[in-house]
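Reviewing the structure listed below.
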Amino acid sequence: MDRVIPICPFFEVCGGCDTQDIPYDAQTRRKASELIRLFEPIAAPSLWQPFIASSEPFPLFFRNKLRFGFLQKDRAVWPSRHRKGIEEADVGVDRCFLLSEISNQIMNATARFATRRQWSVYTPATGKGWLKHII
């Protein structure tokens, strides 16, 4: 399968998206095939609706809900996502190409506010800290 260069600078380490390096038309074919595989045993094909893909060549900023954690480094708070294969939020990110532009702004404003207020960030290993997630 052909690969494309992901737009996200965090793609190699962030566990937020897995298919940004796959051309969008290949993604939609794979998703349609997976839907058929899942629903074929339980629903008659006459009931199926066509898979509706975006009209954009590679859609960005389209999700309206994502969960971000936070990291604390040198007394500053940073938004974060979980590392690929690890559930703990430990990859600092300042922009997500899945999340809407306004949501990116809210996420970063929350981190700046938390830094100014000196909020402690929740650490899963210790179970301590105040700021855990933003959804």
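The values are calculated or read from the model by the stated rules, or taken from the named source; none is laboratory data. The structure presented is a predicted model; accordingly, all values stated were derived computationally and were not measured. Because the Cβ atoms are built from the backbone with ideal geometry, glycine has one as well, and the counts that use them run over all protein chains shown. Ligands, DNA and RNA are stripped out before the accessible areas are found, and what is left, the full protein with its side chains, is counted by its heavy atoms. Shrake-Rupley method; radii C 1.70, N 1.55, O 1.52, S 1.80 Å.
Observations
- For A53: the one exception among (1) touching a Pro at 6+ places or on another chain (Cβ under 9 Å); (2) part of a loop (DSSP other than H, G, I, E, B); (3) modelled with pLDDT of 90 or more: (3)
- S46 fulfils the conditions (1) within 21 Å of the chain's Cα centre (by Cα); (2) outside any loop (DSSP other than H, G, I, E, B) except for a single criterion, (1).
- Scanning the range 89-135 for residues that are part of a strand (DSSP E or B) and among the charged types (D, E, K, R), we see that the one that is farthest from F10 (Cα to Cα) is K128.
- Remark: pairs (first residue in the range 71-83, at pLDDT 90 or above and polar (S, T, N, Q); second residue open to solvent by 30 Å² or more (accessible area, probe 1.4 Å) and not in a loop (DSSP other than H, G, I, E, B); Cβ separation under 6 Å; 6+ apart in sequence or on different chains) = S80/L71; S80/A89; S80/G92.
- Residue list for the range 65-81, restricted to those being open to solvent by less than 30 Å² (accessible area, probe 1.4 Å) and closer than 13 Å to Y122 by Cβ: F68, G69, F70, V77, S80
- Residue tally, condition open to solvent by less than 30 Å² (accessible area, probe 1.4 Å) and out of contact with any Lys or Arg (no Cβ under 8 Å at 6 or more places or on another chain), over the range 82-102: 1
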